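> This structure is in structure tokens; I'll ask about it shortly.
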Amino acid sequence: MAKTLIAFFSRADENYFGGAMRYVKVGNTEIVVDGMKEMIEADTFKIEMKNPYSPVYMTCIEEAKKDLRADARPELTNYLNSIDDYNTIILAYPNYWGTMPMAVYTFLDRYDFTGKTILPLCTNEGSGMGSSEGNIRKLAPGANVKRGLSIIGSNAANSTGAVKNWLLENGLI
Ligand SMILES: Cc1cc2nc3c(=O)[nH]c(=O)nc-3n(C[C@H](O)[C@H](O)[C@H](O)COP(=O)(O)O)c2cc1C
């Protein structure tokens with residue numbers, strides 16, 4: 001049977017919302033993923049760093065930049081044993097410095113995505129997908145990487161319509 005996995009990275013704590021800093025309990029990407037779980041049947045996996053970035057936004061920005069420059073592969077708190085059961089993977093993440101957080105690189109490096117379909121979804125504050133789709137293609141060379149969906153993070157709670165259309169376009173609804 002066709003099975004779908006939603007793998008996502010999302011950070012709560014302090015973030016930037018339309019000109020102001022605010023502490024939140026649930027990150028933007030996770031809000032979108034929670035909405036998506038109401039629309040489709042899928043397993044979910046949260047990509048979490050063993051040593052998470054700082055809750056303080058400005059510190060997090062610097063830590064993430066350092067990891068990007070170092071092409072780091074931060075260790076995760078846990079891993080799926082296998083992705084063999086899934087033929088479609090929805091990969092959701094925030095745009096960090098024009099691409100994905102390096103923890104998503106760790107996730108992609110770990111498995112063989114040959115023959116699988118990857119649907120990228122990126123929340124951001126204006127940079128869209130950035131270079132993330134191209135980077136996913138490099139890290140998962142055998143996968144069929146579809147056109148991604150960009151969502152403005154601070155508008156995550158109002159993204160239901162866009163997400164639904166995208167899932168319809170990709171035959172998941
Ligand atoms: C380290 C870091 C780097 C970011 N870099 C960008 C960027 O290059 N372009 C952009 O549009 N937004 C950028 N943002 C904003 C996030 O992509 C946006 O707030 C996103 O919705 C956060 O998702 P989350 O709450 O699920 O972690 C950055 C945020 C952080 C914390």
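The values are calculated or read from the model by the stated rules, or taken from the named source; none is laboratory data. The model shown is predicted, which means the values in this text are computed figures rather than measured ones. FYI the Cβ positions are ideal-geometry reconstructions off the backbone, even for glycines, and counts take in every protein chain you see. What goes into the accessible areas is simple: the full protein's heavy atoms, side chains included, and nothing from ligands, DNA or RNA. Shrake-Rupley method; radii C 1.70, N 1.55, O 1.52, S 1.80 Å.
> Contact order normalised by length for the chain, with contacts defined as Cα pairs under 8 Å and 6 or more residues apart; what percent is it?
24 percent
> Please grab the % of Cα pairs in the stretch 48-105 that end up more than 18 Å from each other.
In whole percent, the share of Cα-Cα pairs in the stretch 48-105 beyond 18 Å is 39.
> Looking at the stretch 1-108, which trypsin sites (Lys or Arg not before Pro) are in a loop (DSSP not H, G, I, E or B) and have at most 12 other Cβ atoms within 10 Å?
Qualifying residues, ordered by number: LYS25, LYS50.
> Please give the Cα centre distance for the stretch 103-173 versus the stretch 67-99, rounded to the nearest Å.
Taking the Cα centre of the stretch 67-99 as reference, the centre of the stretch 103-173 is 11 Å away.
> Which peptide among 13-19, 162-168 comes first, and what is the full order, when sorted by highest mean count of other Cβ atoms within 10 Å?
162-168, 13-19
> Ok, one more. Treating only the Cβ atoms of Lys and Arg (+1) and Asp and Glu (-1) as charged, compute the dipole magnitude of the stretch 65-173 about its Cα centre; round to the nearest 20 debye.
240 debye
> LYS50: which aspartates and glutamates have alpha carbons under 13 Å from its alpha carbon, excluding same-chain residues fewer than 8 sequence positions away?
GLU75
> Got a sec? Charge dipole of the chain, +1 on Cβ for Lys and Arg, -1 for Asp and Glu; which of ASN158, ILE6, LEU139 is way out at the positive end?
Farthest towards the positive pole: LEU139.
> At a 1.4 Å probe, what is the % contribution of carbon and sulfur to the accessible area of the stretch 83-153?
That share works out to 45 percent.
> If you roll a 1.4 Å probe over the heavy atoms of the protein chains, what accessible area per residue do you get for the chain, in Å²?
Ligands and nucleic acids excluded, the result is 50 Å² per residue.
> Is the shape of the stretch 4-169 rounded, prolate or oblate, going by the alpha carbon gyration tensor and its root eigenvalues a ≥ b ≥ c, with a/c under 1.5 for rounded and a/b larger than b/c for prolate?
oblate
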